Amino acid sequence: MNQTLKTIIFVVIALGLFAGVRFIGSTIHYGCHREPIVNVEGGDDCAPPIWLVGQLGFYITGGSLNPFRNYDATTVRKVSWSIEKADPTITNPDDFLFYEQKIAADITTYDGKSKRYDLGVAMGCTGTTTSELQNEGIVIGRVQCSFVESGTIFSAFKRGHGFSIERYDESAEDGSIKTTELVQI
């Protein structure tokens with residue numbers, strides 16, 4: 001075999017190995033949800049050794065420099081909730097607005113950037129960041145608010161390649177629920 005043919009075969013094999021490692025690493029990097037899912041027995045989407053091998057393959061073959069495709073800029077990694085008093089100057093507990101809270105979500109993407117989204121106000125709120133499967137998506141955080149006879153829920157979830165935060169307001173009169181999409185990435 002002449003030297004040119006050997007070089008071509010070597011290049012084809014090297015590119016094939018690179019593409020294979022990149023494909024498997026990217027599939028695990030973007031497809032595995034690392035945080036335990038609370039309403040699924042076992043709770044892990046990916047076992048730690050598989051996740052580690054996928055991350056290693058992803059970053060060795062280019063990571064976020066990604067010669068094929070880069071979803072890191074838009075894929076949400078984590079949501080943190082900020083719940084604070086809406087108007088700290090109101091000190092009278094008999095005033096209805098004393099219990100009003102300002103809700104915000106700090107969203108961190110895979111590329112390491114964080115951005116805060118103000119979501120509005122509600123009353124009697126507590127936030128969680130546990131992950132659970134629901135309606136063909138993964139809920140990665142929720143704020144539940146209950147005050148008197150009405151309730152509000154802020155829910156952050158991943159579905160397919162997208163991410164969104166929705167607000168659900170329950171009517172105190174008839175129990176109907178109004179849904180509002182607040183953030184879509």
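Couple of notes before you dig in:
- Taken as a whole, the structure leaves Ile83 outside the set of residues that are hydrophobic (A, V, I, L, M, F, W, C), modelled with pLDDT of 80 or more and assigned to a helix (DSSP H, G or I).
- Filter pass, Phe157 being at negative phi, free of Cβ contacts under 8 Å to residues at least 24 places away in the same chain and not β-branched (Val, Ile, Thr): yes
- Top-ranked residue in region 95-152 [being within 21 Å of the chain's Cα centre (by Cα) and of a type in the set (Phe, Trp, Tyr); ranked as modelled with the lowest pLDDT]: Tyr110
- Strands (runs of 3 or more DSSP E) contained in region 99-173 and holding at least 2 residues over 24 Å from Gln55 (Cα atoms): 100-109, 114-123, 125-128, 137-147, 150-159, 162-170
The values are calculated or read from the model by the stated rules, or taken from the named source; none is laboratory data. Here the structure is a predicted model, which means the values were calculated and not measured. Because the Cβ atoms are built from the backbone with ideal geometry, glycine has one as well, and the counts that use them run over all protein chains shown.
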